[in-house]
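Presented below is the structure to which this report refers.
The values are calculated or read from the model by the stated rules, or taken from the named source; none is laboratory data. The structure presented is a predicted model; accordingly, all values stated were derived computationally and were not measured. Neighbour counts run over all protein chains shown; Cβ positions are idealised from the backbone, glycine included. In case anyone asks, the SASA skips ligands and DNA or RNA and just uses the protein heavy atoms, side chains included. Shrake-Rupley method; radii C 1.70, N 1.55, O 1.52, S 1.80 Å.
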Amino acid sequence: MAIKLRNYKAPDDFKKISDFLIKNYRPGNRDGNFLQPAWEYMHSHPWTDEKSFDRIGIWEDSGKIAGIVHFEMLLGEAFFEIHPAMFN
């Protein structure tokens, strides 16, 4: 396992992260991750700092997402999305 960190590349990574959030959703938000509609909302909100999208970090293992750290609309708050296998 060689997890590597890289920066988010809009718009290419939008769908990849959306799919990650949908695939790893646990009923009742047991995974603690953003719901995919919140991720989509973040990208469409008029106050979102799109110029800072490259500050979003993606950790990948062999091209598969292991985790993400991002802001919601403005820098200063951090949200972590973690693959459930990271808890095993």
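Here are a few things to note about the model shown:
- Per residue, the chain exposes 66 Å² of solvent-accessible protein surface, assessed with a 1.4 angstrom probe and all protein chains in place.
- Stretching ASN29 away from LYS9 to a fully extended chain increases their span by 4.6 nm, per 0.36 nm per residue minus the current alpha-carbon distance.
- Cα gyration tensor shape of the chain, rounded if a/c is under 1.5, else prolate or oblate by comparing a/b with b/c: oblate
- Sparsely packed trypsin sites (Lys or Arg not before Pro) within the chain, loop by DSSP, other Cβ within 10 Å at most 16: LYS9, ARG30
- Accessible surface of the chain [probe 1.4 Å, protein heavy atoms]: carbon and sulfur percent: 58
- Pair ALA2, TYR41: separation of 7 Å Cα→Cβ label points (nm): 4.0
- Taken as Cα centroids, the stretch 62-78 and the stretch 1-56 sit 6 Å apart, rounded to the nearest whole angstrom.
- Considering only ALA10, LEU21, SER44, and ranking their Cα positions along the charge dipole of the stretch 1-57 that arises from unit charges at the beta-carbon of Lys, Arg, Asp and Glu, the one farthest toward the positive end is LEU21.
- Cα long-axis angle, helix 12-23 against the chain (0 to 90 degrees, to the nearest 10): 50
- A Cβ-based charge dipole, computed about the Cα centre of the chain with Lys and Arg at +1 and Asp and Glu at -1, lands at about 260 debye.
- Spacing of the modelled spin labels on PHE80 and GLU50, each 7 Å from Cα toward Cβ, amounts to 3.0 nm.
- Cα-centred dipole magnitude for the stretch 15-66, charges only on beta-carbon of K, R (+1) and D, E (-1), debye, nearest 20: 180
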